[in-house]
Every structure is written in structure tokens, then in C-alpha cells.
Amino acid sequence: MTSDNYSLSVLRRLEAESIHIFREVATEFTRPVVMYSVGKDSSVLLKLAQKSFAPGRIPFPFLHIDTAFKFPEMYAFRDRVCAQMGVELRVLGNEAAIAAGTNPWDIGTVNCCGLLKTKALLDALKVGGYDAVIGGARREEERSRAKERIYSFRDDHGQWDPRNQRLELWNLYNGRIHAGESIRVFPLSNWTELDVWRYIAAENIEVVPLYFAAEREVVRRAGQLLPVGSKTRLLPGESTERALIRYRSLGCYPCTGAVESDARNVTDIIAELEVTRFSERVTRVIDHDRDGSMEQKKREGYF
Amino acid sequence: MVRPTAMLDAAVAREPDLVRITTAGSVDDGKSTLIGRLLHDAGAIYDDQLEALRAKAAAGATAIDLSLITDGLRAEREQGITIDVAYRYFATPRRRFIIADTPGHLQYTRNMATGASTADLAIILVDASQGIQTQSKRHGFIVSLLGVPRIVVAINKMDLVDFDQAVFERIRDEYGAFAARLRFADVSFIPISALTGDNVVHRSTRTPWFDGLPLLPHLEAAYVGGDTNLIDFRFPVQRAVRPDADFRGYAGSVASGVARVGDDVVVLPSGMRTKIARIVTADGDRDYAFPPQAVTLCLADDVDVGRGDMLAHPNNIPRVERTLDAMVVWMNEAALVPGRVYLLKHTTRTVKASCTDVVYRVNPDTLHREDMAQLQLNEIGRLRFTLFEPLFVDEYRRNRATGGFIVLDPGTNATVAAGMVIERKAAAPASSRESRPVGNVFRQPGRVAGAERAQLLGQLPLTVWLTGLPGSGKSTLAHALERRLTDAGRAAFVLDGDNLRHGLTRDLGFTPEGRRENVRRVAEAARLMNDAGLIVIAALISPYREDRLMAGGIVGPERFLEVYVSASVAACEMRDPKGLYARARRGEIAEFTGVNAPYETPEAPALQLESDTASIDACVDQLFAAVALKAFPPTA
Ligand SMILES: Nc1nc2c(ncn2[C@@H]2O[C@H](COP(=O)(O)OP(=O)(O)O)[C@@H](O)[C@H]2O)c(=O)[nH]1
């Protein structure tokens, strides 16, 4: 008896908290959905969802908001992994805007995100009639996210009002809503980037290979190393080069910068992150548009 | 291979643990600066984030403003205030920290309570140049109320008082005397300067007289391990897991205590007993489970268990309560309405409840109890709730997981309050209120127990609440039932809404407020008569659902029988025994239910009588049967 250990490691405590949240959502809402962005946080979410309902199946679908600007490796990974895991995946996007050739170079990142991400998301949520939308955002990621609740109330336009949030005490989440309103749920709220990688290591979770260092074609622009995708336009005087890089965070390729790195596997990445002096979102072009741009997007309905 | 225990222990000891901290301070005590300083000196601010701060610093400024690190919202940066709780993450080689950064404004007691609800430790800031403010005490009180076991009082801005030992000691002694009344496990004092970094991460050379640890080393060393309750096994069921015919389990997180395979357990509220057959996780079965593990329990017998039920060891069960005494922090702009129906969310269970008594309000600055009939935003008081269904609770001091609850407004869905269950004064007779002064009126406890009266009268008290449109037949049925009960040798009495309006409720109108007060008074009268042992038959239009719920709360849900006397408006208008519909139609009566005021049909009445079609006798038969079931004990 005395040899029993009654303390959980930080990682297992975080895992337990996330599972608790998943189970609450599955029980208290009628139409939950998980936002699947194909990134590392989504991979962890998927694992946690499986653990939460084992030996049963995950009782809700996953939704990917596609902008047609994701890396080709992400599409391949998404389709293979979701099929393999038996996940019910729904892919939706702002088809009209995609057909019209919407891109960040012509209209700027703010407008592009507004059309391809926020509008697509809000439309998809409306069509699906989802009352709980689970996302992988973490409070540590960005300063307006540090203010998020685990259950984050959204009005019937999907908007966030940071001045008027519901109080959240203990692990008692308030999921009561009127018709049309919804709750965004963040089971990874208390995880850090390092926790995510340590969990990926501990659980042997597969992630998109773009997180691992490899020689890839990039272009240097305004202090960022940008990938060269099929639609990337080079500015006068620019040329591409091959560099040993990896991505710390994955989004649309026009707006996702790479970092020079030789971290070729999860262990390397953890070692790299333990000493890095740069935040995760430094490579996200969209966050820097203006002061508080993430907050503004969140208010409008973005994650 | 057997690993030497020493090695295992070392591995466990090296694993950093997670400590949750909350911060409290009045505006300008330097809380933002301190958190910024901690994060900065602990290396938790990335270079690009520092760069962004430098870019924003006023031209010519040499030092960056550390307080800006924590302001997450644009309005906060623009107005230089903290609006909402934010959570910060940082780690040292020894520990992981989550800091809840809560605003210090007077009106934000609620945010502080939020941050404190999950904290292992609280940092309370005091500005050395200002001394202890009323608010500093308030912060300590809230933190203790929310069960944070240890506090560090960071006496800040020591640079402004020349690191004077006397200033530090004066504040320490004064606050120490106050904190001694608050039952903390540990109270420490540290003289710091958040601005210059003295005693925040590194020991200051300017306080040679201080022999304690600087703040961060203190946080790294603080003992938090023993705060988990490993004694009282409580397992609130989140959901049943039934993927196929072969597997049936109950998913949940262990709230407290330890459970093992083979343990006897009792299911609340059903009281069924069984054993734990398996402890299942996605990573394989376990021999035991402890908090806060999320597991799935399989039981040896095929008992009925669902969300909101709780498993416990049969020799150690929580209190099963229909009346709850709690310290409550009111957190909503709309004040508490005694008697109104709220929702209480506790573990995985949500029940309807109404506050039947504001026992007292606490003045958080003096800790004195004040007599008060309600609670407003950011006020704290002791309340008694009547629950419509039982909750399984422990005293908050003993068990945060099963002692805390939130209060929701069923209309706006807002979280309006947080409650901490406290011990109930022993032997308070069911649904009677404890003796306490209201102005100069003291309650005199009775000497005759309800059970004695029940035995004397051979019946249990009950309130039959007849609701329905004017003319639906409530009064007729009430008096017919009273006759039938009296003939059967039972003590019953009719409270007829119309008759009472000549006396008890003479001063009231027919507005929604007037109707609510009418219902409240009649319900109070019914309760008194129930206390006297009588069966009460109340006949009242009581058109609003919420008012009827309130009546149930006042009378006590266990002795309240809601009966819907159902008849269409057309049928009632045809009968119109008092000619009132006709007058209402002519516009002579304003707010006449059914004509120009609403009637909300009961959602789930205990009994529904179709007075349109059924005869009076048939209706009274049904009523009598329902009363007999509840009020006549089998032996009587
Ligand atoms: N002299 C001095 N000033 C400080 C210290 N800590 C904070 N301040 C100043 O006090 C003011 C309020 O600090 P801030 O951190 O914004 O307070 P908050 O409202 O509690 O978050 C700012 O002007 C700070 O620079 C300190 O240790 N010494």
C-alpha cells in the first residue's frame, strides 16, 4: 500500500483536465464539433478525444476550415490520419472567396483571414448548428488568449466579448446557452508549447513532417523565412534558396514563417524549445498586422 | 529488473510539480509590474515579446515597462488597467507555475474569487508607501474564503521607503494580526521592489535585516503537496459509457480520495451498493485511482447510474442535502432575489434551488456580520438554499471539489455567484430557519418537533398548490378536497387566493411584481400551516412558472404538490362564475389572466386535472389519491 504513488506528473494532470473537459462537453451539449487544423495541437486534441471516450468512439465530428492555402503535406496528413483513426472529418471553406482567388498579397492578411478563415468558420458553424466548438488554442500562445475561459461564450454571431465573460470557478463550467449562441471550448488552455511536444513524445503521436527540420525551399522577406508555395509571388530582387528549416506553428503557407533549425525529431524539438528565446507565434505573419490583431479577430469570431 | 527504490524516489522528486498561484492587490500596488518582473527574471518572456515592448516604450525611456507584459487586451493597454483574469505560465527547473492575474479594482471581487478558486497559494500585494488599505484585507478574506491554504504578503515599493525595516515590520505585524483570524496554513511576508527587482528572484543587498527567502525561491519551496484530499473517495459521474452490449462503465474524474478495484461503493442518490470491478483507462486498467485522474469505473452489479450521480465508499459518504448552508460571493449586477429559482451547479450535478434565508452578510473589511435581506454584486454572505433535488456535499474546508458550487441564472444563463458549503448547525429542524436577528426580532426555536406533530395528527404535512386560469375550477376543487379530507379524518385547510386578497394580501395589485408577492405570502402562510402539521390546499392563479417554483422553494420541495387545473380560456369564459371575463373583455379589468395577462402552463406538474371534461368528483378522486400517497404514512 505504501508504495502507491498518489501524485500525477504535470503532463498527466493536464491530460486529466483535458479529458474531463471533453467528457463534460460530450454530455452537456447536443451538437459539439472539434476544430481540426492539422497542426500539432490538433493531433494532441485528437489523441485526448480518443482517450476520453475509450473504449467507445469519439461522439462528435471534426471540422477542418480549409483556405486552399495549406501546405500540401498538411492535406496528405489530414486525409490519411483521419481515415486511419476513423474520425468523421468535415471539410468546409469559403468556396466563393476561394474561387474568386482571394489571397493575402492582393488584399492584405487581415482581409484575407476575415474571408477565408473567420467567415468560413462562422458559416460552417451556422450550417452545422454546432452548440459547442472545441479548439486547440492555449492561453500561453498569445496575450489575448491568456484572457480566455475554458468555456468561452459566443453570441449568436460567434463574437467574443472579453469585457463580459462568464466567470469560471473550479472546474465547474457554465455551458448554458440560448438558441443560436455557442460555447468555444479550449481543453488545452493550460498547456504550453513544451507540454504539447512532451506529450507528443510520451504518447508517440504522429504530426505533420513539416515540424521536423529538412532542407526546404524558402524566400527571405522582412526578417521571415517564407515557404515557396505554388502561388507564392517573388518580389523584384528576391530569389529562393534552400535552407535547413522547420515550422513551429502551421497555418496557411503565405503567412507562415519557418525557423532555421536542425531539430529532426521530437527529442530534438524539445531540446530546442527548452532554450529558445523566441515565442511560437513570432513566425505567424498575421499576428503582427497591428497591435491587438489577434484580439480583434477573436472578437469577430475567429479562434 | 528491479529498480532500487532510491532511484525511483529521486526520479519522482526531480519531476517538477505544478503550482497554481493567484495574485491580489489594489490598483497601483504594482501587481502587473511584479508579475512582469517574475516572468522576465525567470526568463519566461521571449525576445520577440520584449522587442515589441521596447518598440512601444516612450522614446528616450531606458527601461521597458514590465507591467505591459501582462496586459492582454487593447483596452487594458490603453487604459492602463487590468479588466479580466488572465493566466500566465512559467517554469523554473524546480516547478511549473500558473499565475492567475486578477484585477484589483473594488468592483472585481468576483475576479479575485475566480482566480483563488483553483489556487494553491496567493500573493497579496501591499504598497509599502501606502500601508495596509481596506482592500488588502478584503483580498485576504476572499482568498481565505475560497480555501487558498497559504499566502505570501509581498510588501512592495520598498524602494520608496528606503528599504526601511520598521515600515516592513509595522505592515507585517498589522496584517499578521488580521490574517491570524482567517485560518491560513501559512502566512509569509517578503519586502520587495517589483520595479527594481529586489527580493523578487534574487536576494536584495538592501534588506540585510530580512532573513526569509526572496519571492520566487519562496514559491519554489512552498509546501503544497498535502493539500489534496486522499481520504474521502468521491466520484461524480460525468457520463455512462456503453459502446456495445458487453461494456458498461461510468466516466468521471476522481474528485477526492482513492478507489481500488474490489472496493465497496454506494451510488448516490439511489443508495444501491456494489463493488468496483474495473478501473479502465485508454492506457489499460489500473489497480487504483486518485485525484484528479480521469477514469472509467466498471461496477460489479448492473445498477442504474447516470450523470450527476456520485460514488463513494459506504462507510464514508458525503452529506446528502436538500437544504444547503453556504458562504456565497455574489458576482452579478442583478442582486440576489430571495425565493427566486436559480440553478446550482455542483460537481456534475445541476439542481434547481432557491435562497430561503440570507443569514448574514460579511463586511469583508472588518469581518463583522451584518444583518441583510439580500446580497448585491461583490458582496459576500451566508445563505441558506432549499434544493429541489438533493446534492452530495462536503464542507468546502475539507473538500474543495465537493464543497464548491456555482449559481446560474436560468433566464440570462449567467454565472451569478459562487458558493462554499459550510457546516450546518446541528439539529436544525427540517425547513425551519435558524434563530437570528432581523432588526430586533429574534427567532425562538420551537420545542415540538415536526415528527411529533405528524404522529399526533397521523399525517404528514403537505401543500397542494392548485394553479390554473380564473374560472378553471381551482376554488371549487380546493373546497371539495378539503371536505373529502376532513370526512376522512384528516386536518386540512384551504388558502383561497381570492379570499386572501381581502386580508393577507389586500395591499397587492395584479402586476407581475404584485402577483409574485402574493404567491410568496401565500407560500409562507402554507409553510407555517405545514409546520403546524396541516395539509394545505392553496388555490391561486399563480400564472408565472418562476413564482410557482419559488413557492415550492419556500414550502420545501418535499412537501409541495403542484397541480395544474387545466381548462381552455374558452371553457373558463363560458363558465365565468364571477362575471370577470366579461368585464375584462370590456376593458374594465387590466391584467386579467387569460385575457390581457399571460398564463404560463406548468411544465411538469405533479398532477394535471382536465376540468374541462372530467367531473368534479373524478378530479377530487385523483387529488385525494395523490394526497394520500404523500401525506398518509402507511401505518397511520
Ligand atoms: N517605486 C516603485 N514603483 C513601483 C513598484 N512596483 C510598481 N511600481 C509603480 O507603481 C505603478 C503601478 O504599478 P502597476 O504594476 O501598474 O500596478 P497594478 O495596478 O497593481 O498592476 C507603476 O507606475 C509602477 O511603475 C516598486 O516596487 N517601486
Report task. Give me a count of the residues in segment A:167-194 that are more than 7 Å from every other protein chain (Cβ to nearest Cβ) and touching a Phe, Trp or Tyr at 6+ places or on another chain (Cβ under 9 Å). Result -> 11
**Report entry** strands (runs of 3 or more DSSP E) fully within segment B:216-257 counting 3 or more residues that are at pLDDT 90 or above and within 23 Å of the chain's Cα centre (by Cα)
**Finding:** B:234-236
**Report entry** Test: B:Gly60 is more than 12 Å from chain A (Cβ to nearest Cβ), at pLDDT below 85 and over 27 Å from A:Leu194 (Cβ atoms)
**Finding:** yes
Query raised in the report: Quick one: is B:Asn378 within 14 Å of chain A (Cβ to nearest Cβ), modelled with pLDDT under 95 and part of a loop (DSSP other than H, G, I, E, B)?
Result: yes
Requested in this report: Take segment A:111-154 and flag every residue that is modelled with pLDDT under 90, open to solvent by 10 Å² or more (accessible area, probe 1.4 Å) and assigned to a loop (DSSP other than H, G, I, E, B).
Outcome: A:Glu142, A:Arg143
Requested in this report: Say whether the condition of being assigned to a loop (DSSP other than H, G, I, E, B) and modelled with pLDDT under 95 is met by at least one residue in segment A:72-85.
Outcome: no
Query raised in the report: Within segment A:5-28, is even one residue crowded, with 17+ Cβ neighbours inside 10 Å, away from chain B (no Cβ under 12 Å) and within 27 Å of A:Ala179 (Cβ to Cβ)?
Result: no
Report task. May I ask you to verify whether B:Phe168 is more than 15 Å from the ligand (Cβ to nearest atom) and either surrounded by 24 or more Cβ atoms within 10 Å (Cβ to Cβ) or more than 16 Å from B:Ser32 (Cα to Cα) (or both)? Result -> no
Requested in this report: Can you tell me which residue within segment B:97-145, out of those that are under 17 Å from B:Asp173 (Cα atoms), open to solvent by less than 20 Å² (accessible area, probe 1.4 Å) and assigned to a loop (DSSP other than H, G, I, E, B), is farthest from the ligand (Cβ to nearest atom)?
Outcome: B:Gly131
Report summary line: Taking segment B:27-41 and the residues there that are more than 7 Å from the ligand (Cβ to nearest atom) and over 11 Å from B:Thr102 (Cβ atoms), the one that is most open to solvent (accessible area, probe 1.4 Å) would be B:His40
Query raised in the report: Just checking, which of B:Asp211, B:Asp227 is more than 16 Å from the ligand (Cβ to nearest atom) and either within 14 Å of another protein chain (Cβ to nearest Cβ) or β-branched (Val, Ile, Thr) (or both)?
Result: B:Asp227
Report summary line: Those residues of segment B:252-304 which are within 10 Å of another protein chain (Cβ to nearest Cβ) and open to solvent by 40 Å² or more (accessible area, probe 1.4 Å) amount to B:Arg260, B:Ala282, B:Asp283, B:Asp287, B:Tyr288, B:Pro292
**Report entry** segment B:328-340: number of residues that are away from chain A (no Cβ under 13 Å), touching a Leu at 6+ places or on another chain (Cβ under 9 Å) and open to solvent by 10 Å² or more (accessible area, probe 1.4 Å)
**Finding:** 4
**Report entry** Check on B:Arg559, modelled with pLDDT of 85 or more and either farther than 24 Å from B:Leu609 by Cα or open to solvent by 50 Å² or more (accessible area, probe 1.4 Å) (or both)
**Finding:** no
Report summary line: B:Leu343 meets each of (1) open to solvent by less than 30 Å² (accessible area, probe 1.4 Å); (2) not in a strand (DSSP E or B) with one exception, condition (2)
Report task. Could you please let me know if B:Leu53 is within 16 Å of the ligand (Cβ to nearest atom), touching a helix residue (DSSP H, G or I) at 6+ places or on another chain (Cβ under 7 Å), farther than 30 Å from A:Trp170 by Cβ and modelled with pLDDT under 80? Result -> yes
Report summary line: For B:Ala401, the lone unmet condition from (1) at pLDDT below 95; (2) open to solvent by 20 Å² or more (accessible area, probe 1.4 Å); (3) touching a Phe, Trp or Tyr at 6+ places or on another chain (Cβ under 9 Å) is (1)
Requested in this report: State which residue is surrounded by the most Cβ atoms within 10 Å (Cβ to Cβ) when the search covers only segment A:41-57 and only residues that are within 11 Å of chain B (Cβ to nearest Cβ) and touching a helix residue (DSSP H, G or I) at 6+ places or on another chain (Cβ under 9 Å).
Outcome: A:Ser52
Report task. Kindly indicate which of B:Val148, B:Val201, B:Val187, B:Val152 is open to solvent by 10 Å² or more (accessible area, probe 1.4 Å), more than 12 Å from the ligand (Cβ to nearest atom) and under 22 Å from B:Arg400 (Cα atoms). Result -> B:Val187
Requested in this report: Could you check B:Ala194 against (1) touching a Gly at 6+ places or on another chain (Cβ under 8 Å); (2) over 25 Å from B:Arg20 (Cβ atoms); (3) of a type in the set (A, V, I, L, M) and say which number it fails?
Outcome: (2)
Report summary line: Of (1) of a type in the set (Gly, Ala, Ser); (2) open to solvent by 20 Å² or more (accessible area, probe 1.4 Å); (3) within 14 Å of another protein chain (Cβ to nearest Cβ), B:Ala221 fails just (3)
Query raised in the report: Is it fair to say A:Glu241 is open to solvent by 30 Å² or more (accessible area, probe 1.4 Å) and at pLDDT 85 or above?
Result: yes
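Got a sec? Which of B:Arg516, B:Arg501 is open to solvent by 50 Å² or more (accessible area, probe 1.4 Å) and either within 29 Å of B:Val448 (Cα to Cα) or not small (Gly, Ala, Ser) (or both)?
On inspection, the qualifying residue turns out to be B:Arg516.
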Report summary line: The residue that is nearest to A:Phe53 (Cα to Cα), considering only those in segment B:305-327 that are within 14 Å of another protein chain (Cβ to nearest Cβ) and surrounded by 17 or more Cβ atoms within 10 Å (Cβ to Cβ), is B:Arg307
Query raised in the report: What is the number of the single condition among (1) more than 16 Å from A:His20 (Cα to Cα); (2) assigned to a loop (DSSP other than H, G, I, E, B); (3) modelled with pLDDT of 95 or more that B:Ala282 does not meet?
Result: (1)
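The values are calculated or read from the model by the stated rules, or taken from the named source; none is laboratory data. These numbers come from a predicted model, not from an experiment. Reconstructed Cβ throughout: ideal geometry from the backbone, glycine too, with neighbour counts over all protein chains shown. Surface accessibility is based on the protein's heavy atoms, side chains included, excluding ligands, DNA and RNA. Shrake-Rupley method; radii C 1.70, N 1.55, O 1.52, S 1.80 Å.
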